[in-house]
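Participant: Sending over a structure as structure tokens; questions will come in a sec.
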Amino acid sequence: MAQPFVKKDDDLDEEEEYSPFHGIEKGAVLQDARVFHDPQLDARRCSQVITKLLYLLNQGETFTKVEATEVFFAVTKLFQSKDTVLRRMVYLMIKELSPSADEVIIVTSSLMKDMNSKTDMYRANAIRVLCRIIDGTLLTQIERYLKQAIVDKNPIVASAALVSGVHLLQTNPEIVKRWSNEVQEAVQSRAALVQFHALALLHQIRQNDRLAVSKLVTSLTKGSVRSPLAQCLLIRYTNQVIRESSSNTQAGERPFFDYLESCLRHKAEMVVFEAARAITELNGVTSRELTPAITVLQLFLSSSKPVLRFAAIRTLNKVASTHPLAVTNCNIDMESLISDQNRSIATLAITTLLKTGNESSVDRLMKQITNFMSDIADEFKIVVVEAIRSLCLKFPLKYRSLMNFLSNILREEGGFDYKKAIVDSIVILIRDIPDAKEIGLFHLCEFIEDCEFTYLSTQILHFLGNEGPKTSDPSKYIRYIYNRVILENATVRACAVSTLAKFGAMVDSLKPRIFVLLRRCLFDGDDEVRDRATLYLNTLGSDASVGGTDEDVKDFLFGPLDVPLVNLETSLRNYEASDIPFDIYSVPREVKSQPLAEKKAPGKKTAGLGAPPSGPTSVVDAYEKLLSSIPEFSSFGKLFKSSSPVELTEAETEYSVNAVKHIFDGHVVFQYNCTNTIPEQLLELVTVFVDASEAEDFSEVVSKPLRTLPYDSPGQTFVAFEKPEGVPATGKFSNLLKFVVKEVDPATGEAEEDGVEDEYQLEDLEIVAADYMLKVGVSNFKNAWESMDPDNERIDEYGLGVKESLAETVTAVIDILGMQPCEGTEVVPSNSRSHTCLLSGIFVGNVKVLVRVSFGIDGSKQVAMKLAVRSEDPEVSEKIHEIVADG
Amino acid sequence: MILAVLFTNADGNILVERFHGVPAEERLHWRSFLVKLGADNLKGAKNEELLVASHKSVFVVYTILGDVCIYVVGKDEYDELALAELIFVVTSSVKDVCGKPPTERLFLDHYGKICLCLDEIIWKGMLENTDKDRIRRLMRLKAPTDA
């Protein structure tokens, strides 16, 4: 077959260079278009010119308004020719030119004439062109013809009118909706294509009328729909009807399921696939319903057509997320797809296998993936790495082989994002699987020996400094770290010095040896490296007494900065070099920017190195430090919990205030973060007057005013309350901001001497039960539950009345309790009728609490709840029930 | 919706492009994305072997026919299977018009007819005709045989 081809190509070598459109130019073609005006039309020549015009348009060339108008008028002349090929070109050209409303009128009469022509083909094409170019007013004029055309005995004409209807529905829905009787008739047509088009149009006309769609589906699923395309449409509509009539499912048999199942035996592949996919997408699909669909998808997996394989594996991948067991039968077929030519198919196969695999198949799977990884692109590799990470968290016992796999691929070539994904995964595994820690750290050490990415090296060194000293033999990491000081760039070297110092500070036995290494760094070529080494040597050195106790020194060196970095940066920028050294205590501690950043990633698992684990705790540490530095609060004991800031003013008001609730055993402190947004004002003696009349259990003990509040420099004022110890007292507090306002001269920036007293109403603040609960998860809920004394268990049942959905109820209960959902049980599978949610937390007084709460919803949306609480203190278990009963 | 149908030569030069419901400013991006996709994967592919890719909620099915690369892009109801159906119609009609898998020259020689074919196959982003004999007759304004 190929032979004559080659020969011919050789012969035509020179001609091959030549294209019929070689050197084509718009101006010249527009000149050529004058032949359209010839009294004696040359149909062939005209067709050629139109082809050239089409070529120009398809190359992205545009015509100016004048040019387009000229061409359009010229083309309309061609209606005089009787040549059919030319006529067909004319139709196409008019559609391509899409003339403006004032030009359309020129051509409508010709098209109307064609629409009523004796030649059916002229009629069909004229309908299409007309529907493409006319507007609403003209449409009403030809509506009569279109309605006739829909039921025309010629299927071409009928299809043309129906498809036009589908498009016109977007622009003139009220007109097209009037055709529904004719369309209904066309659905019964014997011509397959007419039936398909009619079905699509009829559904679009009625899509907002559920009952009508349901009727349509009921009647058509009984009869025979001819074209496979129409059958596919019908399956989709059926699926929609099933979804909307979900309340019937409790009766056992799902409506129309028999129909879907029968479609699995259809002779057209597309119908079979459509039905299989529809079944997998059914709400709350059972494994009995899934089986036949999975079986046909399994057959598609070994199809010779890549598209079918892709479609099947994509669907199975989705099913595997919700019903992994249903897909396991296909594992063997999927394993053979790992070597599929099409990388999309192979990657989908891998990730599906990772979802469905069991503990025993992990090793075999990893072997196969290893071969596969070398020949796919980075973006696919990242998907695989993420799938492996979740697999490892699912089967923690398999950490060894999975960790080995990750370290192997870490050594191979790859871009930054890929490497970062692997490092992040290893870090997450180290954090979540204690046994994996040493081996994981070792792999990371190996990696930084040959890591080309400064960012990753520094992140790993930082992580190593935190985790390494806590291992059984910290000394073995020193070599890797010190190698960085010798071999790397300044950024990495400086980071390595800090890591060395951490080891020295935390492991006394290593201290003398670390000091030897740090002293060598004093001669480094980079000043930052030298500075760090000097700092650490002087502060950690036993003979030097820069700081107070050992603890103070460590805290100073490695403790979190208790000021927000943004504020520190602003203060440093404003600081002018002078004799007075920069005072870090002058940096405002207002954490206003924090909630925004937290809101962005609600409940997101800390992702690898990007978000160090100290993130959330450092805010609490900062609060704790801040409060303990205020003498009035020092007697309150240990801070139990600080809430996230609650806004008490609208955005962009004169004064912006938010409040943080600090909970102690017997006290509550409100921290009001205030910002003055008016440049011409200075506020002094700022306090918040709190009315606690709706919070009977609370009595105010201290109010700490803020002396001055200049423009755009946040400050805090505090109010403390006493409350019964250990009791989760709740209440509502109304707040009034009081202050003395002084005018500021914008030119000099100096404030006037005399001020005026003023006040500003703030929103109310509430203390709720959830404020007394710390969200602390447990890694294995079952073990934790069983290790609690069953005598402390309290069980009760509650009727919650009619609720919108189960998911909403579960979220509400979690919010009331303020506890941490475990094992992903906060997610309610859609359409499920019962759900059990596992919660864990620490109640005020440091009492561990576990909650197992089961929900059930019936047909009338009545929700019942069974709440089982175990805690270290039976009284606390009772209290949790009280909280729920009150909520 | 069928978002795009694109024909290029082996070097990635555009022969025909048709977009439906794709804003003008995104077209260039799509064009280069598809050409790159073809450059990466179509080398060594067999004639009319279908390749498939998905990007977010959009599907791409593409193939090589003679010297011409053909890409179709769709979303929603036009998933990989519907697009495979579409590209099958397109390739068989092009072969029909050209008489064999076309060289670039042959393709350009029959440019007008190919435009007519596409006009019959796709109507504003929707697949309309799928039978190549029917399309051939429709192009010549002849009533189809089953009419």
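Participant: Rounded to the nearest whole Å³, what is the per residue volume of the convex hull around the Cα atoms of the stretch A:93-135? Each step should come with its number before you reach the end.
Facilitator: Details: hull volume 2.5 nm³, N = 43.
Convex hull of Cα atoms, per residue: 59 Å³.
Participant: May I ask you to give the solvent-accessible area per residue for the stretch B:2-139, in square angstrom, as obtained with a 1.4 angstrom probe? Show your work: numbers first, answer last.
Facilitator: Numbers: 5160 Å² over 138 residues.
Result: 37 Å² of accessible area for each residue.
Participant: Tell me the Kirkwood hydrodynamic radius of the protein assembly as shown in angstroms, computed as one over the mean inverse distance between distinct C-alpha pairs.
Facilitator: Details: mean 1/r = 0.0283 Å⁻¹.
Kirkwood radius, the protein assembly as shown: 35.3 Å.
Participant: Could you report the accessible area of B:TYR71 in Å², rounded to 10, computed with a 1.4 Å probe on the protein chains as they sit in the structure?
Facilitator: Approximately 10 Å² for this residue.
Participant: Taking Rh as the Kirkwood radius computed over C-alpha pairs, what is the Stokes-Einstein D of the stretch A:79-150 at 37 °C in a medium of viscosity 0.692 mPa s, expressed in µm² per second? Before the final figure, lay out the partial values.
Facilitator: Values: Rh = 12.4 Å.
So the translational diffusion coefficient is about 266 µm²/s.
Participant: I'd like the Karplus ³J(HN,Hα) series for the stretch A:69-79: coefficients 6.51, -1.76, 1.60, θ = phi - 60°, whole numbers in Hz, and an x wherever there's a Gly or Pro.
Facilitator: Result, rounded to whole Hz: 4, 4, 4, 4, 4, 4, 4, 4, 4, 5, 4.
Participant: Give, in whole angstrom and from largest to smallest, the semi-axes √(5λ) of the equivalent ellipsoid of the stretch A:665-814, with λ running over the eigenvalues of the Cα gyration tensor.
Facilitator: Working: eigenvalues 400, 63, 52 Å².
The answer is 45, 18, 16 Å, longest axis first.
Participant: Taking the 0 to 90 degree range and rounding to the nearest ten, how far is the long axis of helix B:80-98 tilted relative to the main principal axis of chain B, both from C-alpha atoms?
Facilitator: 50 degrees
Participant: Given Cβ point charges of +1 (Lys, Arg) and -1 (Asp, Glu) and nothing else, what value in debye, to the nearest 20, does the dipole of the stretch A:462-524 about its Cα centre take? Please report the intermediate quantities before stating the final value.
Facilitator: Working: 10 positive and 5 negative charges, 27 e Å.
Dipole about the Cα centre, nearest 20: 140 debye.
Participant: Enter the mean number of other protein chain beta carbons within 10 Å of the beta carbon of each residue in A:460-471, as an integer. Write out the running numbers ahead of the final one.
Facilitator: Values: counts 0, 0, 0, 0, 0, 0, 0, 0, 0, 0, 0, 0.
Across A:460-471, the average partner-chain Cβ count within 10 Å equals 0.
Participant: With a ≥ b ≥ c taken as the square roots of the eigenvalues of the C-alpha gyration tensor of the stretch A:376-430, please select rounded if a/c is under 1.5 and otherwise prolate if a/b is larger than b/c or oblate if it is not? Spell out each step's value before the answer.
Facilitator: Numbers: a/c = 1.94, a/b = 1.71, b/c = 1.14.
Cα axes put the stretch A:376-430 in the prolate bin.
Participant: Continuing with this model, one more query. Which pairs, out of A:LYS177/B:LYS75; A:LYS476/A:LYS641; A:LYS398/B:LYS75; A:LYS661/A:LYS861; A:LYS398/B:LYS56; A:LYS52/B:LYS142, put more than 31 Å between their alpha-carbon atoms? Working shown, then result.
Facilitator: On the way: A:LYS177/B:LYS75 26 Å; A:LYS476/A:LYS641 39 Å; A:LYS398/B:LYS75 40 Å; A:LYS661/A:LYS861 37 Å; A:LYS398/B:LYS56 33 Å; A:LYS52/B:LYS142 24 Å.
Too far apart for the 31 Å limit: A:LYS476/A:LYS641; A:LYS398/B:LYS75; A:LYS661/A:LYS861; A:LYS398/B:LYS56.
Participant: Enter the accessible area of A:ARG123 (Å², nearest 10), with the probe set to 1.4 Å and all protein chains included.
Facilitator: Taking all protein chains as shown, A:ARG123 has close to 50 Å².
Participant: Return one whole number: the accessible area per residue of chain A in Å², for a 1.4 Å probe. Mind showing how you got there, number by number?
Facilitator: Numbers: 43400 Å² over 887 residues.
Accessible area per residue, chain A: 49 Å².
Participant: About the Cα centre of chain A, what is the dipole size in debye to 20, counting +1 per Lys and Arg Cβ and -1 per Asp and Glu Cβ, all else neutral? Provide the component values of the computation, followed by the final result.
Facilitator: Working: 95 positive and 126 negative charges, 1192 e Å.
Charge dipole of chain A: 5720 debye, to the nearest 20.
Participant: Given 0.36 nm per residue, what is the gain on full extension from A:GLU654 to A:ASP42 after removing their alpha carbon distance, in nm? If you can, show how the numbers build up before the last one.
Facilitator: Working: separation 612, 0.36 × 612 = 220.32 nm, distance 7.93 nm.
Between A:GLU654 and A:ASP42, full extension yields an extra 212.4 nm.
Participant: What aspartates and glutamates sit close enough to A:LYS82 to cross-link, taking a C-alpha to C-alpha distance under 12 Å and skipping anything fewer than 8 places away on the same chain?
Facilitator: Partners within reach: A:ASP42, A:ASP114.
Participant: Okay, moving on. Check each residue of the stretch A:274-313 and keep those whose accessible area, probe 1.4 Å, is at least 10 Å² smaller with all protein chains in place than in the chain alone; give them in order of residue number.
Facilitator: Listed by number, the residues meeting the 10 Å² cut-off are A:ARG277, A:PRO306, A:VAL307, A:LEU308, A:PHE310, A:ALA311.
Participant: Here's a follow-up. Given a Förster radius of 25 Å and the C-beta distance between A:SER787 and A:LYS394 as r, what FRET efficiency does 1/(1 + (r/R0)^6) yield to the nearest 0.05? If you can, show how the numbers build up before the last one.
Facilitator: Working: r = 22 Å, r/R0 = 0.90.
Calculated transfer efficiency: 0.65.
Participant: Could you tell me the calculated FRET efficiency between A:GLN184 and A:SER634, based on Cβ-Cβ distance and R0 = 60 angstrom, to the nearest 0.05? Kindly include the intermediate steps, with their values, before the conclusion.
Facilitator: Details: r = 82 Å, r/R0 = 1.37.
After rounding to 0.05, the efficiency reads 0.15.
Participant: Report, please, the projected area of the stretch A:38-133 averaged over directions, based on the convex hull of its C-alpha atoms, in nm².
Facilitator: Details: hull surface 23.8 nm².
Spelled out: convex hull of the Cα atoms, projected over all directions, averaged, 6.0 nm².
Participant: Still on this structure: Starting at the first residue of the stretch A:626-643, write each ³J(HN,Hα) from the Karplus equation 6.51 cos²θ - 1.76 cosθ + 1.60 with θ = phi - 60°, in whole Hz, x for Gly and Pro.
Facilitator: 4, 5, 6, 7, 9, x, 4, 9, 5, 8, 6, x, 7, 5, 8, 7, 10, 6
Participant: Same structure again: Apply the Karplus curve 6.51 cos²θ - 1.76 cosθ + 1.60, θ = phi - 60°, to the phi angles in the stretch A:420-428 and return the couplings in whole Hz, x for Gly and Pro.
Facilitator: My calculation for the stretch A:420-428 gives 5, 4, 5, 4, 4, 5, 4, 4, 5 Hz in order.
Participant: By how many nm would the segment from A:GLU753 to A:LYS82 grow when fully extended, if each residue of separation counts as 0.36 nm and the alpha-carbon distance is taken off?
Facilitator: Numbers: separation 671, 0.36 × 671 = 241.56 nm, distance 9.77 nm.
Separation in residues times 0.36 nm, less the Cα-Cα distance, equals 231.8 nm.
Participant: Kirkwood hydrodynamic radius for the stretch B:76-147: how many Å is it when counted over pairs of different Cα atoms?
Facilitator: Values: mean 1/r = 0.0793 Å⁻¹.
Value: 12.6 Å, from the Cα pair sum.
Participant: Normalise the Cα radius of gyration of the stretch B:2-139 by 2.2 N^0.38 Å (N = residues in it) and let me know the number. Walk me through the numbers on the way to the answer.
Facilitator: Values: Rg = 13.6 Å, N = 138, 2.2 N^0.38 = 14.3 Å.
After normalising by residue count via 2.2 N^0.38 Å, the value is 0.95.
Participant: For A:THR171 and A:THR218, compute 0.36 nm times the residue count separating them, minus their Cα-Cα distance, and round to one decimal in nm.
Facilitator: Values: separation 47, 0.36 × 47 = 16.92 nm, distance 2.96 nm.
Stretched fully, the A:THR171-A:THR218 segment lengthens by 14.0 nm.
Participant: Let me ask you something else. Compute the long axis of helix A:2-11 from its Cα atoms, compare it with the longest principal axis of the Cα atoms of chain A, and write down the angle in degrees, 0 to 90, nearest 10.
Facilitator: Rounded to the nearest ten degrees, it is 80.
Participant: Which order do A:ILE584, A:ILE428, A:ILE382 take by accessible area at a 1.4 Å probe, largest first?
Facilitator: Details: A:ILE584 60, A:ILE428 10, A:ILE382 35 Å².
Largest accessible area first, the residues go A:ILE584, A:ILE382, A:ILE428.
Participant: Let me ask something else about it. Within the set A:LYS803/A:LYS879; A:LYS420/B:LYS36; A:LYS803/A:LYS866, which residue pairs have Cα atoms separated by over 23 Å? Walk me through the numbers on the way to the answer.
Facilitator: Working: A:LYS803/A:LYS879 25 Å; A:LYS420/B:LYS36 26 Å; A:LYS803/A:LYS866 16 Å.
Over 23 Å apart, Cα to Cα: A:LYS803/A:LYS879; A:LYS420/B:LYS36.
Participant: If one computes the Cα centroid of the stretch A:438-483 and of the stretch B:57-82, what distance in Å separates the two points?
Facilitator: If we compute the Cα centre of each part, the gap is 48 Å.
Participant: Summing Lys, Arg as +1 and Asp, Glu as -1, what charge do residues with Cβ under 9 Å from the Cβ of A:GLU752 carry, A:GLU752 excluded? Provide the component values of the computation, followed by the final result.
Facilitator: Details: positive: A:LYS742; negative: A:GLU743, A:ASP745, A:GLU750, A:GLU753, A:ASP754.
Within the 9 Å Cβ shell, the charges total -4.
Participant: Shielding by partners for B:108-117, please: the mean number of other protein chain Cβ atoms within 10 Å of each residue's Cβ. Intermediate results must be reported in sequence, preceding the final value.
Facilitator: Details: counts 7, 4, 2, 9, 14, 5, 3, 10, 7, 0.
Average per residue, whole number: 6.
Participant: Here is a follow-up. Please average, across the residues of A:49-55, the number of beta carbons from any other chain that are within 10 Å of each residue's own beta carbon, and give a whole number. Write down the numbers at each step before the final one.
Facilitator: Details: counts 1, 2, 9, 2, 1, 7, 6.
Whole-number average of other-chain Cβ neighbours for A:49-55 is 4.
Participant: Heavy atoms only, probe 1.4 Å: what % of the accessible area of the protein assembly as shown goes to carbon and sulfur, would you let me know?
Facilitator: Working: 24670 of 49170 Å².
Roughly 50 percent, rounded to a whole number.
Participant: Using a simple spin-label model with points 7 Å from Cα along the Cα→Cβ vector, what separation in nm is obtained for A:GLU359 and A:ASP526?
Facilitator: It works out to 4.6 nm between the two label points.
Participant: Let me ask something else. What do you get for the angle between helix A:475-487 and the principal long axis of chain A? Use alpha-carbon atoms, 0 to 90 degrees, nearest ten.
Facilitator: With both axes taken from Cα atoms, the answer is about 70 degrees.
Participant: For the interface of A with B, what's the total buried accessible surface in square angstrom, probe 1.4 angstrom, rounded to the nearest hundred?
Facilitator: Details: alone 45560 and 7950 Å², together 49170 Å².
Protein heavy atoms only, the A-B interface buries about 4300 Å².
Participant: Okay, next question. What nm value, rounded to one decimal, do you get for the distance between B:GLU25 and A:ASP796 when each label is placed 7 Å out toward the C-beta?
Facilitator: Calculated label separation equals 5.9 nm.
Participant: Before anything else, pin down the relative contact order of the stretch B:2-139: Cα pairs under 8 Å, at least 6 apart, normalised by residue count, whole percent. Could the numbers behind the result be given before it?
Facilitator: On the way: 212 pairs, mean separation 30.3, N = 138.
Dividing the mean separation by the residue count of the stretch B:2-139 yields 22 percent.
Participant: Taking a ≥ b ≥ c as the square roots of the Cα gyration tensor eigenvalues, with a/c under 1.5 meaning rounded and otherwise prolate when a/b beats b/c, else oblate, which class fits the stretch A:179-311?
Facilitator: It is oblate, given that a/c is not under 1.5 and a/b is not larger than b/c.
Participant: Can you give the Rg and Dmax of the stretch A:348-415 based on its C-alpha atoms, in angstrom?
Facilitator: When restricted to the Cα atoms of the stretch A:348-415, Rg and Dmax are 11.1, 32 Å.
The values are calculated or read from the model by the stated rules, or taken from the named source; none is laboratory data. Just so it is clear, the structure is predicted and the values come from calculations on it, not from any experiment. No Cβ is skipped: glycine too gets one built from the backbone with ideal geometry, and neighbour counts run over all protein chains shown. Protein only, heavy atoms only, side chains kept; ligands, DNA and RNA dropped before computing areas. Shrake-Rupley method; radii C 1.70, N 1.55, O 1.52, S 1.80 Å.
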